[in-house]
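The values are calculated or read from the model by the stated rules, or taken from the named source; none is laboratory data. Just so it is clear, the model here is predicted, and its values are computed rather than measured. Note: ideal-geometry Cβ built from the backbone for every residue, glycine included; neighbour counts use all protein chains shown.
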Amino acid sequence: MRGTDNLPKAEDLLAALAVQMQGAIAFDARLVGIHSGGAWLAERLSAMLEGDHPFGTMDVSFYRDDYNTVGLKPKVRRTQLPFDVEGARLVLIDDVLYTGRSVRAALNELFDYGRPASVELAVLVDRGGRELPIEPTYCGERVTVADDRNVVLHRAGDGRLSLGLEPAGQP
């Protein structure tokens, strides 16, 4: 089903992502969500998936290769990984995959915490436009969006998720 801006409904994509991941990820895989949308997804998926899937969150702002040109986000959060990364099976979770630069930054930060046994990537939306050779293992849906627009995940007060479009370049 489609929501506003002719984008798929985020809650439907989350359910589809959980179905893809269930039985495919390791029974004890740790979930790592990239702030902010990926963190929301990791929390929800941790509760939806069978098995032991604790989740942590990370803010990759300081690890981005464009940090010097775009600066910090208005609200930088602490990375919180309540489990050992060394030797763990991890699923890195982000809301929208575009250039691949946030994922690259997250991988760099993860390796500062240890060397995981494996890292898979789950995204709610893949909008194409990759600048780096990064592809998701699990994907809610691939969408086509004009280059001058950003796909943004929103979370309502009750926790429900929705997707929207914003002009590119907005914080």
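Tallying residues that are at pLDDT below 95 and either among the aliphatic types (A, V, I, L, M) or not in a loop (DSSP other than H, G, I, E, B) (or both) within region 8-25 yields 2. All of (1) assigned to a strand (DSSP E or B); (2) in contact with a Lys or Arg (Cβ under 7 Å, 6 or more places away or on another chain); (3) not hydrophobic (A, V, I, L, M, F, W, C) hold for Ser162 with one exception: (2).
Every residue, every condition in (1) modelled with pLDDT under 95; (2) on the phi < 0 side of the Ramachandran plot; (3) surrounded by fewer than 19 Cβ atoms within 10 Å (Cβ to Cβ), yes or no:
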position	(1), (2), (3)
Phe27	yes, yes, yes
Tyr67	yes, yes, yes
Ala88	no, yes, no
Leu110	no, yes, no
Ser118	no, yes, yes
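Of the residues making up region 107-134, just one is part of a helix (DSSP H, G or I), under 17 Å from the mean Cα position of the chain (by Cα) and among the acidic types (Asp, Glu), namely Glu109.
For region 135-159, the set of residues classified as hydrophobic (A, V, I, L, M, F, W, C) and either outside any loop (DSSP other than H, G, I, E, B) or at pLDDT below 95 (or both) consists of Cys139, Val145, Ala146, Val151, Val152, Leu153, listed by residue number. Against the conditions (1) more than 19 Å from Glu131 (Cβ to Cβ); (2) surrounded by 13 or more Cβ atoms within 10 Å (Cβ to Cβ); (3) at pLDDT 95 or above, Ile34 satisfies every one except (1).
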